[in-house]
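In what follows, a structure is listed as structure tokens, so that the remarks can point back to it.
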Amino acid sequence: MPASTKESEIPAHAEDPGLLDALSEAVESGAGLPAVARAAARLLDASVALIDRSSAVLAVAGASPDQEQKLLSGGDGVTAVELRVADSAVGELRYRARVAPQPAIARMVTTLLALELERSRSPEWESEEVASAFVGDVLERRVTDRGDIVARGSELGADLDRGAGVLVLRAAPRAAQTGEWRERVLTLALRALRSLAPGSLATMEDGSEGAAANLAVIVPAEDDERLARAVAGLARELDDSLSGFHMTIGRSRRCADPVDLYRAGNEAHLAVNVGEAEGRGTLAFEDTGAYRLLLPAMSEDPGELERFYAETIEPLSKYDDQYETELVATVEAYLDNDGNVAATAKQLFTHRHTVRYRLERVKELCGHDVSATEGREKLGLGLKAMRVLGIASPSGPALEPGTKGGKVARNNED
């Protein structure tokens, strides 16, 4: 039998002109690499990955998490094609197809993807390291002169003279990731923002070496609506291209004077901390409620906020971590239910006697009686301080049998 693909094995959709038109439309409209990759995946009837010259993964489409892993590791059945424009290699296409595509179709797809990849390498992004340093300088208040901020922003393609805001993206993988996944988050976010808010400048923050990556972005915006649209569009784009990540975006208020970007950065950080703690995908600073009152403490004297947390919630958090209890969660639920023990027990799927026992342990550990007005106020503020500071809430199964809650240690200790 000839080595070429049998006619009966050619997928019917490969001859559908609508699929090629959809890919052409995605390229011509500037919809972005994730949209182009999705159109290519449909045309090839394959899972697809686009990788740039620095080995950063720019877009993955049509792949489950397992298929994505095979694509990126070059497993069985993966075809790798170098993407070239003239004599220059601009990246690589990897795809895993159920049936080998027709050579003419495959060539058209790779040509279009190479051109789109080359086009996306705009000069305004060639100075990403300089842009990153500038964003850090502004948000850390190392540069405060209005003229300097506007001039340096203009050199990088950002018009800050007519106002701007700050967003902070926090991305945490839901499963172990291979390779430079933080670079992938940065690259995808920048490319999305390039079309959503031209001139946006970003930096990957120093605290991003742990389980999550923090990306801080200065977004030029003439009004609040443009800033809100940029955040909403970024969330949609990353939901499509980073499905294996948990993401939270915090947004500041727009500031008319670029000197106030330092304050806007603090607002965005507060919003992302609160949004993550409350399980919200996006959160604007103006929607953080009473948390806003703690912003001056966070930005001017975080040590005082940390001390208040240490005097209220930290002893409970440490106890939860050591004994796999739920004292912090119980305090949260009790306050959310206006001190109603029965409603708290129902929310936590436990007995009301267990709730009462836990609240007694809370009083013993931190000295605050949550059943008293002053105790509720201090513990409520302590919880807010924890979220504003970005301290993760302790988690773990409630192992307490009956009213003996909190006495099951992880280790055999005396």
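The values are calculated or read from the model by the stated rules, or taken from the named source; none is laboratory data. The structure presented is a predicted model; accordingly, all values stated were derived computationally and were not measured. Positions of Cβ are backbone-derived with ideal geometry, glycine not excepted, and every protein chain shown enters the neighbour counts.
Filtered by the rule that a residue be in contact with a helix residue (DSSP H, G or I) (Cβ under 9 Å, 6 or more places away or on another chain) and either acidic (Asp, Glu) or under 22 Å from Leu379 (Cβ atoms) (or both), region 249-274 gives Asp257, Glu267, Leu270, Asn273, Val274.
Checking Arg229, Arg182 one by one, the residue that is in a helix (DSSP H, G or I), under 11 Å from the mean Cα position of the chain (by Cα), free of Cβ contacts under 8 Å to residues at least 40 places away in the same chain and not assigned by TED's automatic domain parsing to the domain that holds Gln67 is Arg182 and no other.
Is it true that Ala151 is more than 19 Å from Arg253 (Cα to Cα), of a type in the set (A, V, I, L, M, F, W, C) and modelled with pLDDT of 90 or more? Don't jump to the end; show me each part of the working.
Details: more than 19 Å from Arg253 (Cα to Cα): yes; of a type in the set (A, V, I, L, M, F, W, C): yes; modelled with pLDDT of 90 or more: yes.
Yes, satisfied.
Tally time: how many residues in region 232-248 are in contact with a helix residue (DSSP H, G or I) (Cβ under 8 Å, 6 or more places away or on another chain), surrounded by fewer than 19 Cβ atoms within 10 Å (Cβ to Cβ) and in a helix (DSSP H, G or I)?
Of all residues in region 232-248, those in contact with a helix residue (DSSP H, G or I) (Cβ under 8 Å, 6 or more places away or on another chain) come to 233-234, 237-238, 240-245, 247-248.
Then keep just the ones that are surrounded by fewer than 19 Cβ atoms within 10 Å (Cβ to Cβ); that gives 233, 240, 243-244.
This time we only want the ones that are in a helix (DSSP H, G or I), so: 233, 240.
Of the residues in that region, 2 qualify.
Scanning region 154-176 for residues that are part of a strand (DSSP E or B) and buried (at least 18 other Cβ atoms within 10 Å of the Cβ) turns up Ala164, Gly165, Val166, Leu167, Val168, Leu169, Arg170, Ala171. The selection criterion, being in contact (Cβ under 8 Å) with a residue 40 or more places away in the chain and either assigned by TED's automatic domain parsing to the domain that holds Pro34 or outside any helix (DSSP H, G or I) (or both), holds for Leu93.
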